[in-house]
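The values are calculated or read from the model by the stated rules, or taken from the named source; none is laboratory data. Quick caveat: nothing in here was measured; it's all calculated off a predicted structure. Quick reminder, even Gly has a Cβ in these numbers, built from the backbone with ideal geometry, and neighbours come from all protein chains shown. To get the accessible areas, we keep the full protein, side chains included, count just its heavy atoms, and leave off ligands, DNA and RNA. Shrake-Rupley method; radii C 1.70, N 1.55, O 1.52, S 1.80 Å.
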Amino acid sequence: MKKDKTKPKKHIKFNFVIVLLFSILMLYAISIIVVLLWGFLTSLKDPIDFRDFGNVLGLPDMKWSKNEVKFYNYVDMIERGFQVKVSDKSYYSGIFGTVSLPEKTVFFPELLLNTIVYAVVGALLNAFTAMTAGYLCAKFKYKYSSFVYSTMLIVMVIPIVGSTPSTLKVLYDLGLFSSYLGMLVMNISIGGMYFLVFYAFMQGLSNTFIEAAEIDGASQFKIFTQIIIPLSSKIIFTVFLLQFISYWNDYQTPLVYYPTLPTLAYAVQQNEAGSQGGTRYNSVPLKVTACFIIAIPILIIFISLNKVILGSLSLGGVKE
Amino acid sequence: MENNVLEETKERKKKKMTSLHTQRKVFYIVMFSIPTLQFFIFYIYANFNSILFAFQKYTPNLNDLGYQVEFAFFDNFETAWNKIMSADGWDMILNSLQLYAWNLLFVTPTALLFSYYISKQYKFSGFFRVVLYLPTIVSSLIMALLYKYIVTDVYGFLTGDKVGLLGGTDTDRIYYTVLFFNIWIAYGSNVMLYTGAMSNIDTSILEAAKLDGANTIQEFGYIYLPLIFPTIITFILTGIAGIFTNQMAMFHIFGSNVPSFDVFGYFFYRQTAGNPTLFPSAKKMSLPELSALGLIITAIIAPITLLVRKGLEKIGPSSD
């Protein structure tokens with residue numbers, strides 16, 4: 001028998017509330033897209049085109065583009081524009097009264113390296129620690145597990161406003177201030193929300209696998225690496241992606257805790273703040289180009305993986 | 001004979017269990033040790049130290065770069081309290097509260113309606129979901145900078161007002177331009193979590209409501225709202241907890257060039273980022289004074305958060 005492929009038609013009637021919501025959402029979506037599109041077009045313009053000829057809204061006029069290269073601003077920004085002057089002196093002398101280090105200028109390759117260490121390794125450590133803690137608390141019913149769980153809940157509810165100064169001092173006293181090691185150590189944190197996500201997920205995992213492996217004589221480490229990690233790989237990946245994106249975009253933590261290891265986002269903020277000379281790099285098209293250089297990798301990740309990012313996390317674990 | 005075998009098996013089983021128990025314990029301790037150590041240093045110790053810090057006074061040595069530390073009694077708290085009670089302190093509080101009020105009374109209801117639209121999968125809901133989340137992905141720094149150039153350069157180009165909406169002396173105009181930005185980009189994480197919560201609603205309840213002839217408004221008000229109320233509570237609470245740490249994206253937009261109004265989150269960040277100082281001066285608050293300020297604010301906001309939580313749990317709609 002031939003299957004009737006047509007779905008039963010919904011009875012569609014004009015619903016004022018829905019039409020109104022649709023219109024508002026559409027206007028909102030357009031506002032976001034227009035801003036991003038304006039930014040992208042501006043990043044293709046030469047500063048002369050933008051400033052002197054008042055081409056603020058039009059398409060880029062290619063006759064002003066140097067060397068006939070359409071993406072000249074991008075090349076120029078990566079080769080020369082991205083730079084942060086780092087002066088260790090100012091960070092140390094005021095707070096801790098210690099020696100000053102020589103000043104230096106950090107260019108794109110080093111900025112990228114710092115960003116990768118901060119965003120990739122940091123996010124990996126963070127996701128891994130939250131996952132480990134979630135597993136230990138959910139599957140090992142010791143008193144300490146419930147202590148950690150309730151502590152994490154309390155930590156999430158109580159806002160602690162003034163711990164930055166003290167954290168700075170702790171980092172400094174441990175010799176970790178503005179170092180890669182400090183960057184990584186700060187990220188071995190159990191975390192708040194993602195710990196709860198992992199905890200809920202681990203609780204939902206059946207004990208049968210673990211018990212069967214234990215009977216077969218597998219070590220706990222083997223169970224962890226060969227059963228638990230593969231089973232939670234999807235959720236680890238999602239948490240990693242979300243953390244990666246937020247670290248990639250974060251300039252405020254590096255600015256406070258790792259001022260001598262500037263990242264790309266840090267460079268964008270410093271360029272905007274005008275701490276860097278040269279009018280060309282301070283022009284709107286070049287500043288927008290800098291924004292897009294750090295936004296494009298994230299946009300590509302988001303567009304290709306938006307289902308993973310938007311769909312799979314909930315405090316009740318992973319949704320299939 | 002048989003008894004002996006039984007005893008032996010029991011004994012072996014017991015031994016195996018004990019060894020398994022020890023194995024589990026060793027694994028647990030090893031895996032938890034580093035995150036625990038990190039938590040104790042960077043959370044417990046840092047926050048405890050922050051309390052100590054608030055009672056200390058640092059004086060620089062005259063002949064070398066070292067310093068002297070002495071017990072400051074309540075001096076730092078007095079300075080911090082005077083800051084809160086000063087005219088600009090009150091202004092900062094009012095600005096932060098106003099932003100929160102907009103979030104609570106405008107963003108939350110509209111975000112809930114948007115989430116309802118998206119989770120009912122009306123037209124373009126997948127597209128809206130992605131676009132609404134874009135500002136969160138692309139980083140608020142970049143959205144803030146693009147917005148800044150638009151309200152300065154594009155606005156200037158269109159109206160001839162070269163100062164733009166963020167310049168000049170009209171404090172109200174600058175304030176509302178910044179406020180508008182904050183509302184504009186607030187939807188991403190709100191909508192993601194609300195739609196997540198809405199997708200967990202049991203479809204049989206929705207079908208039952210449909211059979212009973214519930215219309216859109218009834219379905220939203222009597223089914224969706226009560227069922228996702230715990231998620232709404234979480235948002236309201238994290239909002240309250242963050243009232244005084246919310247920077248209103250002002251560091252993104254203005255860097256260190258403070259406009260004619262201020263908020264505590266921005267103030268606090270400015271004081272710790274860049275060139276923080278241990279020593280009291282008229283120009284800048286010292287780190288011990290900032291710790292005291294943080295503690296005062298925490299002492300005000302933490303009980304409020306907990307009280308509101310209790311209150312909301314009592315008056316909230318029941319999901320029965």
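Of the residues B:ALA214, B:ALA186, which single one is of a type in the set (Gly, Ala, Ser) and either within 30 Å of the chain's Cα centre (by Cα) or away from every other protein chain (no Cβ under 14 Å) (or both)? Walk me through it before giving the result.
On the way: B:ALA214 fails: either within 30 Å of the chain's Cα centre (by Cα) or away from every other protein chain (no Cβ under 14 Å) (or both).
Exactly one residue qualifies, and that residue is B:ALA186.
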>> I'm told B:ILE29 meets every condition in (1) modelled with pLDDT of 85 or more; (2) over 29 Å from A:GLY192 (Cβ atoms) except one. Can you identify the failing condition by its number?
In response: (2)
>> Tell me which helices (runs of 4 or more DSSP H) are completely within region A:167-272 and hold 1 or more residues being more than 12 Å from chain B (Cβ to nearest Cβ), or say none if there are none.
In response: A:180-187, A:193-204, A:208-215, A:233-249
> What pairs can you find where one residue is in region B:137-162 and facing chain A (nearest Cβ under 9 Å), the other is not hydrophobic (A, V, I, L, M, F, W, C) and not in a helix (DSSP H, G or I), and their Cβ atoms are less than 6 Å apart, with a gap of 6+ or different chains?
Replying inline: B:THR152/B:GLY164; B:GLY156/B:LYS162; B:GLY156/B:GLY164
>> Here is a list: B:PHE261, B:PHE244. Which entry is open to solvent by less than 60 Å² (accessible area, probe 1.4 Å), part of a loop (DSSP other than H, G, I, E, B), in contact (Cβ under 8 Å) with a residue 40 or more places away in the chain and within 11 Å of another protein chain (Cβ to nearest Cβ)?
In response: B:PHE244
>> I'm told B:PRO60 meets every condition in (1) open to solvent by less than 80 Å² (accessible area, probe 1.4 Å); (2) touching a helix residue (DSSP H, G or I) at 6+ places or on another chain (Cβ under 8 Å); (3) within 13 Å of chain A (Cβ to nearest Cβ) except one. Can you identify the failing condition by its number?
In response: (2)
> Mind checking which pairs have a first residue in region A:200-220 that is farther than 14 Å from A:PHE140 by Cα and a second that is assigned to a helix (DSSP H, G or I) and among the charged types (D, E, K, R), Cβ under 8 Å, 6 or more apart or different chains?
Replying inline: A:ALA213/A:LYS222
> In region B:88-96, is there at least one residue being in a helix (DSSP H, G or I), crowded, with 18+ Cβ neighbours inside 10 Å and away from chain A (no Cβ under 14 Å)?
Replying inline: yes
>> So if I check each of B:LEU278, B:LEU306, B:LEU293, which one is open to solvent by 30 Å² or more (accessible area, probe 1.4 Å) and at the interface with another protein chain (Cβ under 9 Å from one of its Cβ atoms)?
In response: B:LEU306
> Is there a residue in region B:106-124 that is more than 30 Å from A:ASN271 (Cα to Cα), touching a Lys or Arg at 6+ places or on another chain (Cβ under 6 Å), touching a residue at least 60 places away in the same chain (Cβ under 8 Å) and not acidic (Asp, Glu)?
Replying inline: yes
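Considering only residues of region A:281-291 that are at the interface with another protein chain (Cβ under 8 Å from one of its Cβ atoms) and more than 15 Å from the chain's Cα centre (by Cα), which is surrounded by the most Cβ atoms within 10 Å (Cβ to Cβ)? Lay out the reasoning, then the answer.
Taking region A:281-291 and keeping what is at the interface with another protein chain (Cβ under 8 Å from one of its Cβ atoms), we get A:284, A:287-288, A:291.
Imposing the further condition that a residue be more than 15 Å from the chain's Cα centre (by Cα) reduces the set to A:284, A:287-288.
On the way: A:VAL284: 21, A:LYS287: 24, A:VAL288: 26.
Top of the filtered list is A:VAL288.
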> How about region A:102-123: which of its residues are within 12 Å of the chain's Cα centre (by Cα) and either outside the structural domain of A:LEU242 (by TED's automatic domain parsing) or surrounded by 17 or more Cβ atoms within 10 Å (Cβ to Cβ) (or both)?
Replying inline: A:THR115, A:TYR118, A:ALA119, A:GLY122, A:ALA123
> Does A:ILE245 satisfy the criteria of being in contact (Cβ under 8 Å) with a residue 24 or more places away in the chain, crowded, with 21+ Cβ neighbours inside 10 Å and closer than 18 Å to A:VAL120 by Cβ?
Replying inline: yes
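Identify all residues within region A:69-100 that are in a helix (DSSP H, G or I) and at pLDDT below 60; write none if there are none. Reasoning before the result, please.
First, pick out the residues of region A:69-100 that are in a helix (DSSP H, G or I): A:72-81, A:88-96.
Once the filter is applied, which keeps residues that are in a helix (DSSP H, G or I) and at pLDDT below 60, region A:69-100 yields A:ASP88, A:LYS89, A:SER90, A:TYR91, A:TYR92, A:SER93, A:GLY94, A:ILE95, A:PHE96.
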>> With the condition being open to solvent by less than 30 Å² (accessible area, probe 1.4 Å) and over 26 Å from A:PHE22 (Cβ atoms), I'd like the helices (runs of 4 or more DSSP H) fully within region B:124-218 carrying at least 2 qualifying residues.
In response: B:140-149, B:171-184
